[in-house]
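Structure record follows, encoded as structure tokens.
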Amino acid sequence: MTEQIQPIRGMNDVLPAQCVLWQHLEDTVRELLTAYGYEEIRVPVVEHTQLFKRAIGEFTDVVEKEMYSFTDQGGESLTLRPEATAGVVRAMISNGLLRGARHKLWCMGPMFRHEKPQKGRYRQFYQVDVEAVGFAGPDVDAELIALTARLWRRLGLTRVKLQINSLGTVESRRLYREQLVEYFTAHHEQLDEDSRRRLQGNPLRILDTKNPDLQQLVAAAPLLTDYLDADSQAHFAALQASLTAMGVAFTVNPRLVRGLDYYSRTVFEWITDALGAQDAVCSGGRYDGLIAQLGGDATPAIGFAMGVERVVELLGQLPSQPQPAAADVYVVLNGEQAATAGLRIVESLRDALPQRRFELNLGGGNFKAQFRRADRSRAALALIIGADELARGVVGLKPLRLEAGQSECPIAELPVRIEATLRASDMQE
């Protein structure tokens, strides 16, 4: 027997039964973002490696350990995108979309990181990415967070909680960085290898360590909020006031620093207790310096990324689940002549009733087998086409969800009769 080819570790198949939840989430996201004035943008999966090194930061886990990078046949170093913000910013700069303009953009698609696979964490994973570019005030921060809160309500998700923090400006973080270096240097022997390496490159990343042996040391470290500049303090206070006014509950987490270097001022994260270790389902923040850092004009911006697999997992825990769309009409065929005519009749019905779903029996089978398939399709109505019916210019109609017997209908009158029967079935349900 030929050896089967297995999927790549960390690359997850999404089967048809699971796609129902994915589609429900995608449709809800698309509808909500459109209502808030966001437009879709689509950017490449592959970018120059340097883009992510400049945007994300040399001393992050993403750049140091997790990126899928390779040299192509032309000798260029390319990377499968580990996140979307850098690519969206690059697209705006490359296509001249900035120049003082303001944009509300979103995209959805796969990202790639070479992480240790576990539940809710894959090496190819999907994100919804949302960016508001050209907005400086805390009002857009508040609206963006309110948007995510509304998304959870629409999806029926209650086991999510909001944490927020402010990282201040580059200048205020420089003062804080000095205090962190002094503090962690004094406890150098307690640091693990990763933290010692980050101590000089980016000591804030030590605060985000997942090493349980370091949690007590990190908890006693100086707080960034004690070193915020006056403008950042005012910005953060205004954000909290707006969230409170809108009824969006939150907790200030002074240790929330986010995993990417480009963030400044507002950062936020929606977490859950329903997914085990992978508790973050939506994370984001302000990145006012990133666009200038990548060669564009200095432009304020804020955004978030939502993990699709993790939200789908939460949806799968709800007592009421979205169901695959049922067929409206199942077409039963009797004989070769009916099989040929059935294709033509059903295509004409799809033209006449584009809002209805027709499923044509394919692959033969006796009447009993075909009606079993009709039942599995959850169709409300069966059409029965045979040589005898065709000779008389009619088709049999058999309601499958109503207490009604089989009848016949002239082929020319089928669209009207089908629609009337389906509406009656819908009303009875």
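The values are calculated or read from the model by the stated rules, or taken from the named source; none is laboratory data. Note that the structure is predicted; figures quoted are calculated from it, not measured. Cβ placement follows ideal geometry from the backbone for every residue including glycine, while neighbour counts extend to all protein chains displayed.
Residues that are out of contact with any strand residue (DSSP E or B) (no Cβ under 9 Å at 6 or more places or on another chain), assigned to a loop (DSSP other than H, G, I, E, B) and under 19 Å from Arg173 (Cβ atoms) within the range 263-300 comprise just one, Ala298.
Here is a list: Lys161, Lys210. Which entry is among the basic types (Lys, Arg), closer than 20 Å to Thr60 by Cβ and within 30 Å of the chain's Cα centre (by Cα)?
On the way: Lys161 fails: closer than 20 Å to Thr60 by Cβ.
On inspection, the qualifying residue turns out to be Lys210.
Pairing each residue of the range 59-76 that is within 17 Å of Pro110 (Cβ to Cβ) with any residue that is among the aromatic types (Phe, Trp, Tyr) and surrounded by 15 or more Cβ atoms within 10 Å (Cβ to Cβ), provided the two are 6+ apart or on different chains, yields C-beta distances under 9 Å for Val62/Phe52; Glu66/Phe112; Met67/Phe52; Met67/Phe112; Tyr68/Phe112; Ser69/Phe52. Residue under question is Ala338, and the condition is that it be in contact (Cβ under 8 Å) with a residue 24 or more places away in the chain and either of a type in the set (Gly, Ala, Ser) or exposed (fewer than 13 other Cβ atoms within 10 Å of the Cβ) (or both); does it hold? Here the answer is yes, as Ala338 does meet what is asked. A single entry from Leu318, Leu239 fulfils the requirement of being in contact with a helix residue (DSSP H, G or I) (Cβ under 6 Å, 6 or more places away or on another chain) and either under 20 Å from Arg150 (Cα atoms) or not in a loop (DSSP other than H, G, I, E, B) (or both): Leu239. Scanning the range 128-152 for residues that are surrounded by 21 or more Cβ atoms within 10 Å (Cβ to Cβ) and more than 15 Å from Ile164 (Cα to Cα) yields Val128, Asp129, Val130, Glu131, Ala132, Val133, Leu151. Among the conditions (1) within 34 Å of the chain's Cα centre (by Cα); (2) at pLDDT 85 or above; (3) crowded, with 18+ Cβ neighbours inside 10 Å, the only one that Phe184 does not satisfy is (1).
Candidates in the range 98-116 are the residues that are in a loop (DSSP other than H, G, I, E, B) and surrounded by 16 or more Cβ atoms within 10 Å (Cβ to Cβ); of these, the one that is nearest to the chain's Cα centre (by Cα) is Arg113.
The residue that is farthest from Leu422 (Cα to Cα), counting only those in the range 359-408 that are touching a Lys or Arg at 6+ places or on another chain (Cβ under 6 Å) and crowded, with 18+ Cβ neighbours inside 10 Å, is Ala382. The set of residues from the range 1-41 being surrounded by 11 or more Cβ atoms within 10 Å (Cβ to Cβ), at pLDDT 95 or above and part of a loop (DSSP other than H, G, I, E, B) comprises Tyr36, Tyr38, Ile41.
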